[in-house]
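The structure appears below as structure tokens.
The values are calculated or read from the model by the stated rules, or taken from the named source; none is laboratory data. Given the structure is predicted, the values throughout are model-derived calculations rather than measurements. FYI the Cβ positions are ideal-geometry reconstructions off the backbone, even for glycines, and counts take in every protein chain you see. Areas reflect the complete protein model, heavy atoms only, side chains present, ligands, DNA and RNA absent. Shrake-Rupley method; radii C 1.70, N 1.55, O 1.52, S 1.80 Å.
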Amino acid sequence: MGMTVNEYLITTRITYAKELLKFSDQSVAKIAEICGIPHVSHFISIFKSREGQTPLAYRKDWRDIPPLRN
């Protein structure tokens with residue numbers, strides 16, 4: 001797949017976290033736990049390094065996008 005096992009796990013966890021941030025009202029701490037990263041500060045650091053913003057900013061930006069209209 002062109003990446004290490006650790007890189008694959010982190011990518012998978014962040015992808016799942018993004019879905020939870022978009023579609024649930026779980027806290028960031030709970031999402032970190034669900035995704036297998038028990039320390040919320042570490043989760044926030046990893047998320048920010050990969051996505052360029054904190055999980056809360058990601059959630060806010062995603063929810064502020066107006067729905068598509070036909």
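Express the relative contact order of the chain as a whole percentage, based on alpha carbon pairs under 8 Å and six or more residues apart in sequence.
Working: 41 pairs, mean separation 18.1, N = 70.
In percent, rounded to a whole number, it is 26.
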In the range 9-70, trypsin sites (Lys or Arg not before Pro) in a DSSP loop with at most 13 other beta-carbon atoms within 10 Å = 69
Any chance you could check the Cα centroid distance between the range 22-52 and the range 1-18 for me, in angstrom?
-> 13 Å
At a Förster distance of 25 Å, what's the computed FRET efficiency of residue 6 paired with residue 34, Cβ-Cβ distance as r, to 0.05?
-> 0.85
So how far apart, in nm, are the two label points at residue 61 and residue 24 if each is 7 Å from Cα heading toward Cβ?
-> 2.2 nm
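Could you tell me what percent of the accessible area of the chain is made up of carbon and sulfur, with a 1.4 Å probe and every protein chain present?
Details: 2930 of 5100 Å².
Of the solvent-accessible surface of the chain, carbon and sulfur hold 57 percent.
So what's the back-of-envelope 222 nm ellipticity for the chain, counting only DSSP H runs of four-plus at -39500 (n - 2.57) apiece and dividing by all residues, rounded to 500? Write down the numbers at each step before the final one.
Working: 4 runs with 47 residues, N = 70.
Using -39500 (n - 2.57) per qualifying helix, the result is -20500 deg cm²/dmol.
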